[in-house]
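The structure appears right after this line, and notes come after that.
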Amino acid sequence: MSILVVFKLLGSLALLMFGMKSMSEALQKMAGPQLRHVLGAMTTNRFTGVLTGMFVTAAVQSSTATTLMTVSFVNAGLLTLMQAISVIMGAHIGTTVSAWIMSLGFSFNITDFVYVGFFIGIILIYMKKRRIIGDFLFGIAFLFLGLGTLKETGFALVEDPGASAVITAFFQNFNEPTFWNSFFFLVMGTVLTLCVQSSAAIMAITMILCSTGVLHIDQGIMLVLGENIGTTITANIVAMGANTQARRAAFAHFTINVIGVTWAIIILQPFVNMVCGLVGFDRTIGPDDAEYAVNLGKIAIVLATFHSVFNITNTFLQIWFVQYIERFVCWVIKPKKQDEEEDFKLHFITSGIMKTPELSVLEAQKEIRDFAERIQKMFGMVRELLVTKDDAAFSKLYARIEKYESISDDMEIEIAKYLDQVSNSHLSDETKAKIRAMLREISELESIGDACFNMARTINRKVQNKQEHFTQPQYEHLHQMMQLTDDALTQMNVLMTGRKESFDVNRSFNIENEINNFRQQLKSQNINDVNNHEYTYAVGTIYMDLINECEKLGDYVVNVVEARMGTRQKEA
């Protein structure tokens, strides 16, 4: 076997994987937002959850994408873990469509048609409004070109006497239908899928090996079962750095498939006989029989059928026990014992967990929502600091505010870095606009954090210099101003956690006007009070510093609201 053939095999496999990824991403760009709404609305019970997971996965051609959307909804509290498990079960059925797409490449010479896809695709790519459809056609054309090349190279390899003898001799060592031979191919399917991180690619290789007669159908089916486990291990590795619910959902994915593979192995022979009977494949026909070539041509369909029947049966059997699967994964995956409030850690964005740009934006939005909630909590600490009299409690609270300010700086940098990586991908115009708005949001949120810390430093400076206390009217005015500012932050978080279509932006603008008018009123009153010797000029300066910071903070809040709404406040 020459080095050229090896690279041709690897190159065609890479082309197939790239095509599948491009096709999946294009489909998600076309229907991503709508599918997310469907996923949130159509999971009222376990059965609708299964149907939703099945149709969404079939639509976007990626069970990973469906799982990530599901996990993000669990994190946001929009789905329970039980609902998420049912959606994941449905995703197992939806992902079998990929195997049927692969089997098409073995039914006829699909490469004759891929060039039409490339030609139409390149025209659509240069048409701005049809670019995503062009990306989809390019993706599916690359997929079938890679599959066709892989198939041709595989058959050419088998026809080469030297290479064929080596490959056949290797697999013949495991021809005996023993437990350990079956276990070997199960592990091989798992490991290969884990290494390549694409069950579709390993399915294509399995179909090639079986269609050329190198691999027996029983061995091919064990590889398919191994692929089902391998793809779940990838999800668990990715979720290791995620939060508890994400790890539970990923582990549920693994548990469901391990249970399925276990019962499938127990009744493997009658189960395989039933599938072969559905397709019309005769397992008794050998290489010396006249019908061997025709029978061999059905193997790709057998594998696709087995994959579908296995996942449908597995889902049907386990759907009645969803609550027990939920209890089991909750028992295995315990919450991490740490104070997440006081430790900087992004909850939704985790290294490697995002597979597509459109879904990455959804996760970043949730991280920004968490950022906004943390900032309001920081402002609450500043209000508490103003009235804290005990020195030890004051120092402890001031240290917490200082830590929160450092966290807000880190969050801005990490989210911006993540969005910058996402923006390097090929995005729809709508998603590009979202990213620009999100970058503005995190910049303004960080400015709110700075304003909070400036207020805390001002209060600390007053305490450290042992200056006289504010007068009772000053305290009352500060509390009133801070309450208005907190109301503005609350309205901002209502927008962050809800849908902007139902948000009344005028409420935020009205609060901002109240803050501005109150600041002007207090500014004039402060000058009169200092002149009338109600308090010293130094105390008046600190007092107005706090009032001015609240007014600045209100401006930053309005900027966040405008960025999220895509509007600008009208000039008075």
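The values are calculated or read from the model by the stated rules, or taken from the named source; none is laboratory data. Source: prediction; values computed, not measured. Here Cβ is always computed from backbone atoms with ideal geometry, including for glycine, and neighbour counts include all displayed protein chains. Just so you know, the surface numbers come from the protein's heavy atoms only, side chains and all, with ligands and any DNA or RNA stripped out. Shrake-Rupley method; radii C 1.70, N 1.55, O 1.52, S 1.80 Å.
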Inset, instruction - Examine the range 351-373 for a residue that is more than 16 Å from the chain's Cα centre (by Cα), modelled with pLDDT under 85, open to solvent by 20 Å² or more (accessible area, probe 1.4 Å) and over 30 Å from A399 (Cα atoms), and state whether such a residue exists. - result: no
Inset, instruction - For E430, work out the one condition from (1) in contact with a Phe, Trp or Tyr (Cβ under 6 Å, 6 or more places away or on another chain); (2) open to solvent by 50 Å² or more (accessible area, probe 1.4 Å) it doesn't fulfil. - result: (1)
Legend entry - Qualifying position, being open to solvent by 10 Å² or more (accessible area, probe 1.4 Å) and either part of a helix (DSSP H, G or I) or among the hydrophobic types (A, V, I, L, M, F, W, C) (or both), among L478, L445, L484: L484
Legend entry - Condition met for I312 (touching a residue at least 12 places away in the same chain (Cβ under 8 Å) and open to solvent by 20 Å² or more (accessible area, probe 1.4 Å)): yes
Legend entry - Among the residues listed as Q467, Q525, the single one being touching a helix residue (DSSP H, G or I) at 6+ places or on another chain (Cβ under 7 Å) and either under 25 Å from Y398 (Cα atoms) or without any contact (Cβ under 8 Å) to a residue 60 or more places away in the chain (or both): Q467
Legend entry - Failed condition for D529, given (1) under 30 Å from I133 (Cα atoms); (2) touching a Pro at 6+ places or on another chain (Cβ under 9 Å): (1)
Inset, instruction - Inspect the range 410-419 for any residue being open to solvent by 50 Å² or more (accessible area, probe 1.4 Å), among the acidic types (D, E) and within 21 Å of R369 (Cβ to Cβ) and give the result as yes or no. - result: yes
Inset, instruction - Report, by residue number, each residue of the range 520-550 that is open to solvent by 20 Å² or more (accessible area, probe 1.4 Å) and part of a loop (DSSP other than H, G, I, E, B). - result: N532, H533, E534, T536
Legend entry - Number of positions in the range 390-409 that are closer than 17 Å to E373 by Cα, open to solvent by 30 Å² or more (accessible area, probe 1.4 Å) and hydroxyl-bearing (S, T, Y): 1
Legend entry - Options I448, I415: the member that is hydrophobic (A, V, I, L, M, F, W, C), closer than 30 Å to A399 by Cβ and within 21 Å of the chain's Cα centre (by Cα): I415
Inset, instruction - Identify, from the list S199, S164, the residue that is of a type in the set (S, T, N, Q), modelled with pLDDT of 65 or more, in contact with a helix residue (DSSP H, G or I) (Cβ under 7 Å, 6 or more places away or on another chain) and open to solvent by less than 70 Å² (accessible area, probe 1.4 Å). - result: S199
Inset, instruction - Kindly indicate which of R457, R499, R507 is surrounded by fewer than 20 Cβ atoms within 10 Å (Cβ to Cβ) and under 26 Å from K403 (Cβ atoms). - result: R457
Inset, instruction - Scan (1) within 37 Å of the chain's Cα centre (by Cα); (2) modelled with pLDDT under 80; (3) open to solvent by less than 50 Å² (accessible area, probe 1.4 Å) for the single condition L194 breaks and write down its number. - result: (3)
Legend entry - Residue check for F281: aromatic (F, W, Y), surrounded by 15 or more Cβ atoms within 10 Å (Cβ to Cβ), in contact with a helix residue (DSSP H, G or I) (Cβ under 7 Å, 6 or more places away or on another chain) and assigned to a helix (DSSP H, G or I): no
Legend entry - Residue satisfying all of: in the range 388-417; among the aliphatic types (A, V, I, L, M) and without any contact (Cβ under 8 Å) to a residue 24 or more places away in the chain; farthest from S443 (Cα to Cα) among these: A392
